Structures are given as C-alpha cells and as structure tokens.
Amino acid sequence: MRLRCMVAVGAAVLALTAVSGCGGSGSDGGDVPADGDGQSAGSGGRLMDSETNGRLSFPTMADIETFVSQRTTCTDLHMEDKDSDHEDDPEAVGVGKLWGIKERAVCWDADGNSVTLMSVNDMKSFQVQSKKEETDGWYLVGEDFALTGGSTTRDNLKDSGVLALVCDPEEQIPSGYKQEKALVDGCTLTDFIS
C-alpha cells in the first residue's frame, strides 16, 4: 500500500516537473518565458495579462507599460499629469477626479509619436469626459486603464484585448466585432480599432 502511494506521488511530481518546463521561447526563438497564452512574464515574475469581468486589468503604470511594450514601441516613459499644450485648460485630460485618472504617463513609438498611458481609478468618469470631449474611438480601454497613440500603436494593439470607446451613433462597427455596452449611455466598447 505504502509503495503504491509513493509511486503515485513520484509520478505526480514528475508530471508537474514536465509541465512546468513547458513555457516556451517566444516566436523568434528567444528566451522569453510564456504563460501558455503567448504572454511573457513581467517584472517580478507576475503574469501581465490578468482579466477582470472579461476585460484586461493592469493596476499599476509598470503593468500598463509592460503590456504596451510587449506589443509595440514605448520608449522614454515619463510621468505627465496633463499634456503641456493644455496645462491651463481645467477640463483637459489629466490626473484627477474629473477624468478619474490616477496616473498619466507618456512614451514614444517607433515613429516618434507620443503614446499616452493612463491608470484609471474611475472608469465611468473617464468615459463621461471622453464622450463629452467627442474623442470617439481614440481611447483604447481595459478594466482600469486607458491609452492612446498614433496609427502604428493602434495597429499593433488591435488583437491585444483592449477595446475602443466609441460614442458616435453614426460610427458603424462592422459585423463580427465585439460590441459591449460602455458605462455611459450611448457609448460602445468594441474590438474594432480603426
């Protein structure tokens, strides 16, 4: 009896060792650890693609930066509470209660265009202001973050799980794309990113 249990335990340990050895090397053959879904581990060994209610969730700026950097270029990240061109506008996109933004940072893509990363602690406020400012489809959002960038960045993030916030009733979303009700009436979240 005792021998049978030891054999079963040994087989289980062997199986777990074999499974944990599978991780992978990224598609280019490099040594990139993988979590089984093709996503690599971020700083501190945390797996970066966590989901809440079916949406991506990245609670810190480091998590957002890692997520973006895995898919597109994001260099020279620096914190910026508000765009310098709109510093005097009290309603401009910026850190604070009005937009529900906890932290805001900017980095640069391969074309030299800015990419704005925002950690959002009140997504409803963020969506209300986005609709008011008519930023249709410009923002790509997850559960607790938003970002925006140029066409190269948007193209690179198309299949990443972020959703575009669309509030224009005239904007037609082609069939076959996800269309979820946003937190604000008249707005839709979609994986159709143009």
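The values are calculated or read from the model by the stated rules, or taken from the named source; none is laboratory data. A quick note: this is a predicted structure, and the numbers were derived from the prediction, not measured. In this analysis, Cβ positions are derived from the backbone assuming ideal geometry, glycine residues included, and neighbour counts consider all displayed protein chains. Protein only, heavy atoms only, side chains kept; ligands, DNA and RNA dropped before computing areas. Shrake-Rupley method; radii C 1.70, N 1.55, O 1.52, S 1.80 Å.
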Checklist entry - Somewhere in region 178-193, is a residue open to solvent by less than 10 Å² (accessible area, probe 1.4 Å), in a strand (DSSP E or B), within 26 Å of Met79 (Cβ to Cβ) and out of contact with any Phe, Trp or Tyr (no Cβ under 9 Å at 6 or more places or on another chain)? => result no
Next on the checklist: Going residue by residue through region 100-123, is there one that turns out to be among the aromatic types (Phe, Trp, Tyr), in contact (Cβ under 8 Å) with a residue 24 or more places away in the chain and either in contact with a helix residue (DSSP H, G or I) (Cβ under 7 Å, 6 or more places away or on another chain) or in a loop (DSSP other than H, G, I, E, B) (or both)?
Outcome noted: no
Checklist outcome for this item: When every residue in region 124-142 that is farther than 21 Å from Cys107 by Cα and part of a loop (DSSP other than H, G, I, E, B) is compared, the one most open to solvent (accessible area, probe 1.4 Å) is Glu134
Checklist entry - Of the residues Asp155, Asp122, Asp159, which is over 13 Å from the mean Cα position of the chain (by Cα), under 17 Å from Thr190 (Cβ atoms) and of a type in the set (Asp, Glu)? => result Asp155
